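Scroll down for the structure; my scribbles are underneath it.
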Amino acid sequence: MSDFAGKCAIVTGAADGPKAALGATFARTLAAAGASVLVVDRLDVEPTVASIKEGGGSAEGYRCDLAEPSAAIDAANAAVRHFGRVDILVNNAALGSNIPPVGMGDIPIELWDQMMAVNVRGTMLAVRAVAPIMARQGYGKIVNLGSPMRITGAAMRLHYAATKGAIHAMTRSMARELGGDGIRVNTLTPGLPGTAFNLERMSAEMEAGLLGGRSIHEHITASQIADVLLFLASPRSDAITGQELLVDNGGSFL
Ligand SMILES: NC(=O)c1ccc[n+]([C@@H]2O[C@H](COP(=O)([O-])OP(=O)(O)OC[C@H]3O[C@@H](n4cnc5c(N)ncnc54)[C@H](O)[C@@H]3O)[C@@H](O)[C@H]2O)c1
C-alpha cells in the first residue's frame, strides 16, 4: 500500500498558473502518490483541483487570504470536513518571487508587514490550526518552504530573506514543541527551479552565474523538488525533525 493512501494533505499556495509555481506541483505529486489534497490559495484553486481529478486523484479547493488571522483555521476545518483528517501540511504560500528587488532603505513598511503577515505569521497560524488535529491522531508531517537566501543572505531582498530566516527558526521551535505529539516539522529549501517562466526572464549571463555557483552545474526541476517533499511528507523520514533539506544542486551548504 502507498505511504499516502488514506492520508490528507493541505498544500498552501497551490494555485496553478502561467508561472507553473511549485505549490501546484507539490499538490499534484502528493495526490499522485495517493493522498487527498486540499488546495489552498488566494487565487483560483480550481485548475489545480481539476488537474488532480482528471488524473484520477482526490482533491478539493479552498480559496482564502492566509494573511487573514482566521483563514488557516477555516482551511483546516475544510480539510476535516472533506477528508476527515489532516496528516500533512505543506506551508508553501509566500510573497517573494514576484517581489521586485529593492534596497533596504527603500523597502516600504507596508510591504515588509505584508510579507511578515503571509510568510511568517501565516505559516505559524497554519501550523497552529493543524497541530491539535495531528496531535489527536498522534502523528503528522509539516513541511515549511525555506530559501537559500536565509543561508547566503541577499542584497536587495532583505525582506524576503528575513521571512525565510524566520521560517527555519520556527521549524526548529515547532519540532521541539510538537515532537511529543508525533508531529515532525522540517524545512524544504529549493534553489531557483529552471522552469520555463524563470528561464524566459533570465539573461544568458545570469543563467551562467546561477549554474556556475552550483556544485552540479544544472537546472533543478519542480519535480525534483517535489520528490524531496514526498520524502519529507512520508513515513520514510520519520526520524527527521527540525531539519532543513536543500534541493539546489549544491549551490549552498548549511
Ligand atoms: N521559486 C523559487 O525560486 C524558490 C526558491 C526558494 C524558495 N521558494 C519558496 O517556495 C515556495 C513557492 O515558491 P514559488 O516561486 O512557487 O512561489 P509563487 O510566488 O509563484 O507562489 C506562491 C503561491 O502562494 C500564493 N499566496 C501568496 N500570498 C498568499 C496569501 N496571502 N494567501 C494565500 N495564498 C497566497 C500565491 O497566490 C501563489 O500561488 C515559496 O514559499 C517560496 O518562498 C521558492
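When only C-alpha pairs under 8 Å and at least 6 residues apart count, what is the relative contact order of the chain, in percent?
On the way: 485 pairs, mean separation 45.4, N = 254.
Across the chain, relative contact order equals 18 percent.
Just the number, please: carbon plus sulfur as a percent of the accessible area of the chain, 1.4 Å probe, no ligands or DNA/RNA counted.
Values: 6380 of 11550 Å².
Summing carbon and sulfur atoms, their accessible area is 55 percent of the total for the chain.
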Checklist outcome for this item: Here the residues of segment 15-52 lying in the modelled label zone of Glu200, meaning backbone nitrogen under 15 Å from a point 7 Å along Cα-to-Cβ, are 17-21
Checklist outcome for this item: Scoring only Lys, Arg, Asp and Glu (+1, +1, -1, -1) among other residues with Cβ under 15 Å from the Cβ of Arg172 yields +2
Checklist entry - Rounded, prolate or oblate: which fits segment 157-201, taking a ≥ b ≥ c as square roots of the Cα gyration tensor eigenvalues, rounded meaning a/c under 1.5, else prolate when a/b beats b/c? => result oblate
Item to check | Rounded Å value of the spacing that divides the Cα centres of segment 3-22 and segment 205-227 | outcome: 22 Å
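Quickly rank 118-124, 131-137 as a protection proxy: mean count of other C-beta atoms within 10 Å, highest first. Walk me through the numbers before you get to the answer.
Values: 118-124: 21.9, 131-137: 16.6.
Ranked from most to least packed, the peptides come out as 118-124, 131-137.
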Next on the checklist: Starting from 0.36 nm per residue, how many nanometres of slack lie between Val80 and Asp113 once their C-alpha separation is accounted for?
Outcome noted: 8.8 nm
Checklist entry - Going from most exposed to least, what order do Lys7, Lys53 have by accessible area with a 1.4 Å probe? => result Lys53, Lys7
Checklist entry - Distance in nm between label sites at Phe253 and Ser97, each 7 Å beyond Cα in the beta-carbon direction? => result 2.7 nm
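For the chain, what is the accessible area per residue in Å², given a 1.4 Å probe and the full set of protein chains?
45 Å²
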Checklist entry - Arranged from highest to lowest average of other beta-carbon atoms within 10 Å per residue, in what order do the peptides 160-169, 190-199 appear? => result 160-169, 190-199
Checklist entry - Taking amide hydrogens as modeled 1.01 Å from N in the peptide plane, which residues meet the under 5 Å criterion relative to Asn144, leaving out close sequence neighbours? => result Asn91, Asn186, Thr187, Leu188
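The values are calculated or read from the model by the stated rules, or taken from the named source; none is laboratory data. In this text, all values refer to a predicted model and were calculated from it rather than measured experimentally. Methodologically, a virtual Cβ is constructed for each residue, glycine included, from the backbone with ideal geometry; neighbour enumeration extends over all protein chains shown. We work out accessible area using only protein heavy atoms, side chains counted, and drop any ligands, DNA or RNA first. Shrake-Rupley method; radii C 1.70, N 1.55, O 1.52, S 1.80 Å.
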